[in-house]
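The values are calculated or read from the model by the stated rules, or taken from the named source; none is laboratory data. On a predicted model such as this, the values are computed, not experimentally measured, just so you know. No Cβ is skipped: glycine too gets one built from the backbone with ideal geometry, and neighbour counts run over all protein chains shown. The area values use the complete protein model at the heavy-atom level, side chains included, leaving out ligands, DNA and RNA. Shrake-Rupley method; radii C 1.70, N 1.55, O 1.52, S 1.80 Å.
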Amino acid sequence: MASNSSLLLLLLVVACFISPAISQTCSTQNILSADRTPFENCLDLPVLDSYLHYTYNATNSSLSVAFVATPSRSNGWVAWAINPTTRGMFGSQAFLAYSPRVGARPEVNTYNISSYNLSRGRLSFDFWNLRAEAMAGNRIVIRTSVKVPAGAESVNQVWQIGGNVTSGRPGVHPVNAANLASTAVLRFTVSDAPSSAPGSAPGSAPGSAPGSAQGPTTPEQAGGPGNAGSMTASVNFGILVMLATIFMF
């Protein structure tokens, strides 16, 4: 039988090897699209503990998304955006959500980001089915479908977690490494997508919400680390079994 000190050491080792990647991944979130089916792709975004579920419909050049993030404080905000022209924040066409009070349903509005002074504005592309929801753990989900340029294979995405919301006006976000790094190219398919997103303006809105035009792809194929957690889980489990065998005898 293992001694108390051996069991304690084993528990410490277990705690060290349990990776956040297997406890907080988009694949563990029960997020469904507007038609109550799973999104085709999900990404664990690399910073700000944020996640993106999305489905691309080539038939009507649309992208259905569910962005999941946790405000840094109870009256903070979260946002997901597309920048049609560049990889940076300025020029982003954003969907920004916050809870007006503790326990209230989140509100979501559109913001055309032209400066650090965040003000509501019209977006340069069409969108529909916009809404925000609350999730367990104080998370907020922003859902919408957007029109993307016909034939495009990617867009520039930007996401953010901001400061206080005062009288319905969002304050600026922190300026630290994670907040400054929250931008990436979002690839729609597994084809040879360009290294940068297109800059042309989207076309007119479709008559109905998008469905699913393509077969499902894995998070890894979608260009992100979404299924890295499964590998981590396998490696960690093997190590734990080995350590348990050592300490039990």
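How many percent of the accessible area of region 37-187 is carbon or sulfur, using a 1.4 Å probe?
In region 37-187, the share of accessible area belonging to carbon and sulfur is 52 percent.
Quick one: give the max-minus-min coordinate of the C-alpha atoms of region 37-187 along each principal axis, largest first, in Å.
40, 34, 28
Write down the accessible area per residue of region 37-187 in Å², having rolled a 1.4 Å probe over the full set of protein chains.
Per residue, region 37-187 has an accessible area of 41 Å².
Along the Cα-to-Cβ line of residue 172, 7 Å from the Cα, sits a label point; which residues in region 106-150 have backbone N less than 15 Å from it?
114-119
For region 98-150, just say rounded, prolate or oblate: build the C-alpha gyration tensor, square-root its eigenvalues into a ≥ b ≥ c, call rounded for a/c under 1.5, and beyond that prolate if a/b exceeds b/c, oblate if not.
oblate
Taking a ≥ b ≥ c as the square roots of the Cα gyration tensor eigenvalues, with a/c under 1.5 meaning rounded and otherwise prolate when a/b beats b/c, else oblate, which class fits region 31-122?
Here region 31-122 falls in the oblate category.
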